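Remarks on the structure that follows.
Computed from the coordinates by the stated procedures, all read-outs in this text should not be read as laboratory data. Every value quoted in this text rests on a predicted model; they were computed, and no experiment measured them. FYI the Cβ positions are ideal-geometry reconstructions off the backbone, even for glycines, and counts take in every protein chain you see.
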Amino acid sequence: MLLRFLEVQFLAPLRRVEKEAQDYQSSERGQAPDWKTMTVLVTVAISLTLRQYVLTPDRYYSKAEFLRRIGLDQLALWLVDFLDDPENGQLNGLAFWAVGWMIAYFVIPALVIKLVFRERIRDYGVKLKGALNGLWIYGIMFAVMVPLILLVSQDAHFQQTYPFYRLVPGEQLWPRFWLWQVLYALQFVSLEFFFRGFLVHGTRHRFGIYSVFVMMVPYCMIHFQKPMPEACASIVAGIVLGFMSLKTRSIWLGAAIHITVAISMDFASLWRQGLLF
């Protein structure tokens with residue numbers, strides 16, 4: 001029974017992916033330069049560079065100065081006013097961050113898929129069919145995370161970090177906090193598309209199962225500004241979610257686990273701070 005379970009859930013999907021990669025590599029196309037793999041990896045590097053140096057809000061003053069130098073004074077003024085708004089500045093800054101990272105994680109690779117590869121975005125993990133295969137694995141992951149979240153939420157550093165949107169005294173969750181949660185969730189969908197969709201499915205024809213490990217390296221590195229335990233956990237999460245994306249050909253449950261864990265962390269922090277009731 002156990003061997004059958006392992007065969008159906010893990011070994012058979014791995015062999016399928018490896019066979020597809022081997023068939024490609026032995027074909028006439030596989031013997032030619034692999035421009036698709038090169039384009040995917042270069043796009044990933046460009047997107048991550050833009051994310052770090054252009055689309056991050058804590059550098060917006062230097063962005064405004066750059067806009068002024070190239071003659072876009074009005075746009076520079078709008079950017080500063082938008083992020084320094086006395087009433088909505090915090091939400092605007094987080095929105096700038098979320099939308100910027102959605103551009104890096106979704107818009108840029110999606111344009112490459114449509115305009116360069118001439119392929120369907122749905123084939124990069126966005127399809128709904130088969131998305132629930134392996135639902136039990138995601139259920140186990142979330143069940144493991146819940147007690148860990150409750151445990152670490154006692155830490156003062158955790159409460160200082162989460163939620164990213166800081167409620168001012170007397171502020172209700174609606175509308176700003178919940179608007180931020182929507183943007184936060186969309187950012188996670190984009191992140192899953194970038195790593196488990198574009199990078200994994202854009203290179204699996206060349207690397208097979210090893211596309212998961214190619215993806216895992218930059219995925220771990222984007223966590224370097226976070227506490228070391230979280231960065232270490234991203235290695236395991238990257239491998240598991242990457243494998244599940246290969247198995248199901250879908251990113252949606254990976255996005256769901258990311259979103260539910262992130263929201264749980266925010267509400268656990270609010271609960272510990274006495275801001276929920």
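Side notes on the structure shown:
- Where P86 falls short, out of the listed (1) farther than 25 Å from I257 by Cα; (2) assigned to a helix (DSSP H, G or I): (2)
- When restricted to residues that are under 12 Å from Q90 (Cβ atoms) and touching a Leu at 6+ places or on another chain (Cβ under 8 Å), the range 149-191 contains 8.
- Within the option set Y105, Y165, being among the hydroxyl-bearing types (S, T, Y), in a helix (DSSP H, G or I) and at negative phi holds for one residue only, Y105.
- Residue, nearest to the chain's Cα centre (by Cα), within the range 127-160, restricted to residues that are of a type in the set (G, A, S) and either loosely packed, with under 11 Cβ neighbours inside 10 Å or within 23 Å of R249 (Cα to Cα) (or both): A131
- Taken over the range 108-136, the residue count meeting the criterion of being under 23 Å from A256 (Cβ atoms) and either assigned to a helix (DSSP H, G or I) or out of contact with any Phe, Trp or Tyr (no Cβ under 8 Å at 6 or more places or on another chain) (or both) is 16.
- Residue within the range 20-43 that is loosely packed, with under 11 Cβ neighbours inside 10 Å, among the β-branched types (V, I, T), in a helix (DSSP H, G or I) and out of contact with any strand residue (DSSP E or B) (no Cβ under 6 Å at 6 or more places or on another chain) present: no
- Selection status of L173, surrounded by 15 or more Cβ atoms within 10 Å (Cβ to Cβ), in a loop (DSSP other than H, G, I, E, B), more than 23 Å from the chain's Cα centre (by Cα) and touching a residue at least 40 places away in the same chain (Cβ under 8 Å): no
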